[in-house]
Amino acid sequence: MDDSRPVGDELIDGQFRPERMNALADGIFAVVLTLLVLELKLPETDESILTLIRDDVRVFVAWLISFLVLARFWLVHHAVTARLQVCRIGTLVLNFGVLGTVSLLPFSADLLGTERVSEPWSTIVFAVNVGLISLSLGLLARHALRERGPLHSAQSRTVLSGHRSHHLYVLPAVALASALLAFVHPYVAVGLLVAEFLVAAAWGGWRVRAPSHLVRNPAPPALEGSP
């Protein structure tokens, strides 16, 4: 009997298919996106809508920042898990770590929107939340990088290495700096997080559009009859 044949979701030696893990992650991200937009409420008063929006503009700004944060982290999570052939118990544990920190985002975004940015602790909680999401994603990327399999091409390993380094070291350091800076200049602290995301997006877009000569081209096939 061939013991390598899958039985249900299990493959062999505690390995599982990643489809259900990714489905759960997509569902959690979708729920968090929904919870973020539910925070956009206007008080029931006789004032005009434009006046109410102006008075609560920080709530809309917090929603926009949080939406971009969540969209960026979903893209990273997808880029990492798309390169996983199988899931082990450790993979599932790390993935739940990502989902746990992501599920806190509506709470930290609500603090950032309902409290004044000048009140530093709202910014600190949000920055710490972003740093924890980044750390959990960095650990997941490191785990995926250590896996061995035919899908791990040189390009895949380069992508995973980039996500591991950036989300395990760079972004947590930026989040920590933002949390400390919130005690002195809260608006600058929020701006630091936004600037990091803009730079990361620009860098990612440049890598996608990188000229072909920056990538090592494979040798052309030999012509028929050539030595």
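Multiplying the sequence separation of Ser103 and Thr34 by 0.36 nm and subtracting their Cα-Cα distance, what value in nm do you get?
23.7 nm
Report ³J(HN,Hα) in whole Hz for each residue of the stretch 89-100, in order, from the Karplus equation J = 6.51 cos²θ - 1.76 cosθ + 1.60 where θ = phi - 60°; Gly and Pro get x.
4, x, 4, 5, 4, 5, 5, 5, x, 4, 5, x
Bear in mind that the values in this text are calculations on the coordinates, not laboratory data. Everything quoted here is computed from the prediction, not taken from an experiment.
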